[in-house]
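Note sheet for the following structure.
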Amino acid sequence: MPRLLFLAHRIPFPPEKGEKIRAWHMLDHLARRFEVDLGCLVDDPADLRHLPFLRGRLAHVEAPELGGRRLAAARALLRARPGLPLSLGWFHHAGLARWVREGLAARRWDAAFAYSSAMAPYLMGPGAAALRRRVLDLVDVDSAKWDAYAADARFPMRQVWSREARTLLAFERRAVMEFDASLFVSAEEAGHFAALAPECAGRVGAVENGVDLARFDPAAAHPSPFGAAPALVFTGTMDYRPNVEAACWFAAEVMPLLAGLPRPPEFWVVGANPAPAVRALASERVRVTGSVPDIRPFIAHAAVAVAPLFIARGIQNKVLEAMAMARPVLATPQAFEGVRATPGRDLLVEGTAAGMAARIAEILDGKHPGMTSAAREAVRQGHNWDATLAKLDPLLAVS
């Protein structure tokens with residue numbers, strides 16, 4: 001069996017949040033075809049408990065601890081160089097880099113897969129030339145996210161985010177030209193990158209996110225975590241800036257417009273690590289849960305699953321999961337990007353507070369009865385992991 005090196009910037013398990021969902025399904029797929037060595041970084045000590053499972057599944061796991069945010073920030077500043085993005089220093093670990101170099105020198109692997117731009121430097125340069133195939137999954141155009149951050153920031157962060165966007169795009173372009181193939185989470189993301197980097201157009205493609213239809217099954221019984229009021233549910237990691245801004249915007253702009261409904265709904269913000277701005281939203285009609293053992297009961301009993309994101313890259317797993325559980329979904333155009341579904345039939349898409357409030361009122365009034373079954377069918381047809389991940393096989397063919 002051929003040998004594969006899989007690099008990830010965080011432990012790719014369990015598949016319970018965005019980046020880990022995609023990373024785990026890719027790793028699990030490739031582990032059926034390769035003898036896999038995993039190299040990853042541990043930035044949360046709680047993740048160490050998952051290493052025994054991964055070591056039982058893979059040939060080898062190299063997982064050095066990265067340290068906390070302060071140490072990572074110091075490392076990023078110490079490794080700062082003109083023209084290089086700070087995020088590369090943030091995810092640099094000398095021990096992991098040495099392990100990769102030694103493995104490359106010993107020709108331990110036939111091919112390598114780097115998950116995220118932060119892992120690309122470990123596989124760039126003459127030492128990696130002996131690999132028969134190198135594939136990079138950029139997932140999103142990360143540089144565009146920093147550009148969006150800069151757009152509404154003030155000095156000095158505007159300059160910091162703007163520099164990160166500029167230098168990261170330059171690095172992404174270099175990496176794509178060095179790897180044999182580079183991937184994005186959707187055709188839209190790949191097209192956006194090709195427009196920014198025309199010389200890379202023929203070297204990028206898309207492997208879309210899927211959804212675990214067996215896990216997110218509307219037929220499964222889950223106890224309701226809600227009271228009598230209809231629940232509008234927003235899921236995600238709640239210290240991630242786009243999610244923080246989305247929750248705050250929805251609470252301030254949409255919820256007041258719903259107060260006059262016959263049964264005013266509650267807004268439930270469900271996810272780990274709520275930032276101070278999110279915790280401050282908690283009130284009689286806004287519930288902030290923090291980490292929950294299982295998000296499925298919250299989705300299963302939601303009157304509406306909302307995705308009010310205005311900074312969003314790639315495909316939103318929160319949208320796919322709610323659709324898979326046959327719930328009505330209301331998303332902004334940004335959160336809808338990359339989803340293989342038809343607005344108005346499979347989900348609703350609105351970009352304004354007034355529009356969102358109107359669509360929520362319609363759903364609560366029973367005006368979209370066929371949307372739930374249509375939603376699940378749409379993700380069954382368009383976001384099946386087996387079909388999407390099959391695209392990896394020819395990219396990593398080494399036999």
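Every number in this text was worked out from the coordinates using simple rules, so none of it is lab data. Since the structure is predicted, the reported quantities are computational estimates derived from the model, not experimental observations. Neighbour counts are summed over all protein chains in view; Cβ atoms, including those assigned to glycine, are modelled from backbone coordinates with ideal geometry.
Numbers at a glance
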{"read-out": "Net +/- balance of residues flanking Leu261 in space, Cβ distance below 12 Å, scoring K and R +1, D and E -1", "value": "-1"}
{"read-out": "Global form of the stretch 62-141, assessed from the alpha-carbon gyration tensor, a/c cut-off 1.5", "value": "prolate"}
{"read-out": "Cα→Cβ-extended label distance, 7 Å offset, between Arg279 and Ala201, nm", "value": "5.0"}
{"read-out": "The chain, relative contact order [Cα under 8 Å, separation at least 6], %", "value": "13"}
{"read-out": "Label point distance in nm, Arg55-Ala187, each placed 7 Å from Cα along Cα→Cβ", "value": "4.4"}
{"read-out": "Additional length obtainable on full extension of the chain from Phe155 to Asp217, 0.36 nm per residue less Cα span", "value": "17.6 nm"}
{"read-out": "Inter-centroid distance (Cα atoms) of the stretch 281-306 relative to the stretch 1-66, Å", "value": "29"}
{"read-out": "Estimated [θ] at 222 nm from DSSP helical runs (n ≥ 4, -39500 (n - 2.57)) normalised by residues in the chain, nearest 500", "value": "-11000 deg cm²/dmol"}
{"read-out": "Gain upon complete extension [Ala130, Arg98; 0.36 nm per residue less C-alpha separation]", "value": "9.9 nm"}
{"read-out": "Separation between Cα centres of the stretch 264-280 and the stretch 197-235, rounded to whole Å", "value": "19"}
{"read-out": "Likely footprinting exposure, Tyr122, Tyr240, fewest C-beta neighbours within 10 Å first", "value": "Tyr240, Tyr122"}
{"read-out": "Least to most buried among Ser162, Ser143, Ser87, Ser373 (fewest other Cβ within 10 Å first)", "value": "Ser373, Ser162, Ser87, Ser143"}
{"read-out": "Rounded if a/c under 1.5, otherwise prolate or oblate - the stretch 274-340, Cα gyration tensor axes", "value": "oblate"}
{"read-out": "Tilt relative to the chain, helix 187-196 - C-alpha long axis, 0 to 90 degrees, to 10", "value": "60"}
{"read-out": "Sorted largest first, extent of the chain alpha carbons per principal axis (Å)", "value": "69, 48, 42"}
{"read-out": "The chain: angle of helix 18-31 to the longest principal axis, Cα-based, in degrees nearest 10", "value": "50"}
{"read-out": "Highest-MSF residue in the chain out of Pro274, Pro12, Pro198 [GNM, Cα springs under 10 Å]", "value": "Pro198"}
{"read-out": "Fewest-first ranking of Phe91, Phe226, using other Cβ atoms within 10 Å as the exposure measure", "value": "Phe226, Phe91"}
{"read-out": "For the stretch 103-234: rounded, prolate or oblate by the Cα gyration tensor [a/c cutoff 1.5]", "value": "oblate"}
{"read-out": "Coordinate range along principal axes, alpha carbons of the stretch 231-382, Å, largest first", "value": "39, 34, 27"}
